Structures are given as C-alpha cells and as structure tokens.
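Visitor: Structure provided below as structure tokens; questions to follow.
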Amino acid sequence: MCSPAPMLLPLALFSRNLCTNDAQKLPNGVLTNETEQRCRQILGSNIPPQGVSAGVLVTLCTFRGAPAFLYTLRSSRLRGRHKGDVSFPGGKCDLSDEDVIATALREAQEELGVTLARSSVWGPMMPITDWTGMVIVPVLANIGCLEDLAAKPNPEEVESLLTLPLAMACASSSRGYTSFRQRGRYAYTLPVFRLPGHKVWGLTAMMTDSALSLLFPGSYRSVLRSSR
C-alpha cells in the first residue's frame, strides 16, 4: 500500500473523475506483472543505435491507486526553447554512462532527487530523431508508488511534478493532434495531450503516445506509425 510522503515542490493532480466513459472501460490493473513481462519481451528486441545523443525516462507510476505517467514541468529559469515545457526526465548522454539506460536513470536522479533501480526499467523504446539531428532514446520504466518515492525535485531544473492517469491520457477529451505541412503538402501528424493549465506536445507527446500504444495494444489508437 502507498503511504503519504511529502513532496518538496507542488504536485499537480488530475482527478480520475475527469475521464470519459470510453477511457473508464480500459483495464485498471494495467501495470501488472503480465503487462510488464509482455512489454519487456517487446522492448527487449530494440537495440539502441550507435551515436545516441540523449536518453529520456518515460516514467510510469501509481498515484492514489491509479496507474499514471509522471512528468516534470521544466523550470522557467532554464535556458533554451524548452523552458516551462512538460517533459519526462532526461538529457544528453555522458561519457561516464554505461549505456542509454544509465543516462536516463542518471538524469531522473538529477531531476527527481531519487535513485531508481535499473530493475525498474522495462526497456528502451524506438529512438526518435529531433529536428536538430539528435537521436533520443525513450526508456520505459515503472517507478512504483509515487507517494512512497519521496522525490525531492531539483528546483534549478524542475518547477513542479505533474501526474496524468493513463485512463485520462486515453480519453478523447484529453487528446488532440497537430498536422504539419511542408512545401504546401501534408507531411506528418503529432499527438497532443491536454491537461488543466498545461499541454504535453512535441517529443514528450510522441513518447507518451508510443507508451500508450504499447500498454493498450488492443484499444489505444495512435496517430503515430510506431507503437514501440
């Protein structure tokens, strides 16, 4: 059972009561041993390519008894175009990192203030190349009960923590998409997840979408071609 634990920074809570009827039909016990073993088997075939630039920990957790994603709200004091964005913990690879999984875990430790065991990782997902050419590998992990995590987010990097129940993430009322055109023609579509006061977009939305496709292979409809 989860026991209450104080959070250093404010935690944005999104009630399960906001879920639509369609979302509530999804299985509540998704973060089961059976799901974990299925995902580990699928992700085990993903071999990160050479020249990976960064690793991101796609953090699953349980909050108030509900399976959820855990995001960070990046500090507005950070430099760069992504300050104030909703993100998963992650960052550039370091020469001291054993692999991209070590990168993702190290970055999560730096941002969340907790040491996560490598056994919490289910596996690397399909890499994503951003507009600058950086190759980013999302790493799916279940960090367990959030109330027991006793996270101490780094205020230099993280303004607050956000949780999004998986059922709400699957609800049509919380999802959208943006289609892009290049040279006057349709080019591609990216997902968007709407939260009260925030939105998940860009690479973080792509990682969220891919994780949902992996967790709910029979019921979640992705706008992306890859589900891993």
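Visitor: Starting from region 32-53, take each residue that is within 27 Å of G65 (Cβ to Cβ) and list its partners that are among the small types (G, A, S), counting only C-beta distances under 8 angstrom and pairs at least six apart or across chains.
Guide: What qualifies is C39/G123; R40/G123; I42/G123; L43/G123.
Visitor: Would you be able to tell me the number of residues in region 154-190 that are open to solvent by 70 Å² or more (accessible area, probe 1.4 Å) and of a type outside the set (S, T, N, Q)?
Guide: Of the residues in that region, 9 qualify.
Visitor: Another question about this same structure. Looking at this structure, is A23 more than 16 Å from the chain's Cα centre (by Cα), open to solvent by less than 40 Å² (accessible area, probe 1.4 Å) and either modelled with pLDDT of 70 or more or not aromatic (F, W, Y) (or both)?
Guide: So A23 fits the description; yes.
Visitor: Let me ask something else. Just checking, does region 142-153 include any residue being surrounded by fewer than 16 Cβ atoms within 10 Å (Cβ to Cβ), of a type in the set (K, R) and at negative phi?
Guide: Yes, there is a match, as at least one residue in region 142-153 is surrounded by fewer than 16 Cβ atoms within 10 Å (Cβ to Cβ), of a type in the set (K, R) and at negative phi.
Visitor: Still on this structure, please answer the following. Look at region 91-110 and say how many of its residues are at pLDDT below 95 and within 15 Å of the chain's Cα centre (by Cα).
Guide: Of the residues in that region, 1 qualify.
Visitor: Considering only region 92-109, state which residues are in contact (Cβ under 8 Å) with a residue 24 or more places away in the chain, surrounded by 20 or more Cβ atoms within 10 Å (Cβ to Cβ) and not in a loop (DSSP other than H, G, I, E, B).
Guide: V100, T103, A104, L105, E107, A108, listed by residue number.
Visitor: Exactly one of these conditions fails for L140: (1) touching a Gly at 6+ places or on another chain (Cβ under 7 Å); (2) without any contact (Cβ under 8 Å) to a residue 60 or more places away in the chain. Give me its number.
Guide: With (1) touching a Gly at 6+ places or on another chain (Cβ under 7 Å); (2) without any contact (Cβ under 8 Å) to a residue 60 or more places away in the chain applied to L140, the lone miss is (2).
Visitor: Can you name every residue in region 205-223 that is in contact with a strand residue (DSSP E or B) (Cβ under 7 Å, 6 or more places away or on another chain), under 23 Å from G55 (Cβ atoms) and open to solvent by 20 Å² or more (accessible area, probe 1.4 Å)?
Guide: M206
Visitor: If you take the residues of region 31-69 that are assigned to a loop (DSSP other than H, G, I, E, B) and of a type in the set (S, T, Y), which of them is farthest from the chain's Cα centre (by Cα)?
Guide: Going through the qualifying residues, I end up with S45.
Visitor: Another question, if that's okay. Which of the following residues is among the hydroxyl-bearing types (S, T, Y), open to solvent by 50 Å² or more (accessible area, probe 1.4 Å) and modelled with pLDDT under 95: S119, S76?
Guide: Going through S119, S76 in turn, the sole match is S76.
Visitor: Another one. For region 27-42, how many residues meet the condition of being of a type in the set (A, V, I, L, M) and either surrounded by fewer than 14 Cβ atoms within 10 Å (Cβ to Cβ) or at pLDDT 95 or above (or both)?
Guide: Going residue by residue through region 27-42, those that are of a type in the set (A, V, I, L, M) are 30-31, 42.
In the following step, the residues that additionally are either surrounded by fewer than 14 Cβ atoms within 10 Å (Cβ to Cβ) or at pLDDT 95 or above (or both) were identified as 42.
Residues meeting the conditions: 1.
Visitor: Check region 186-200 and report whether any residue there is in contact (Cβ under 8 Å) with a residue 40 or more places away in the chain and at positive phi. Give the derivation first.
Guide: Step one: filter region 186-200 for residues in contact (Cβ under 8 Å) with a residue 40 or more places away in the chain, giving 195-200.
If we keep only those that are at positive phi too, we end up with 197.
Yes, the conditions are met somewhere in region 186-200.
The values are calculated or read from the model by the stated rules, or taken from the named source; none is laboratory data. These numbers were taken from a predicted model, which means no experiment stands behind them. All Cβ positions, glycine included, derive from the backbone under ideal geometry; neighbour counts span all protein chains shown. The area values use the complete protein model at the heavy-atom level, side chains included, leaving out ligands, DNA and RNA. Shrake-Rupley method; radii C 1.70, N 1.55, O 1.52, S 1.80 Å.
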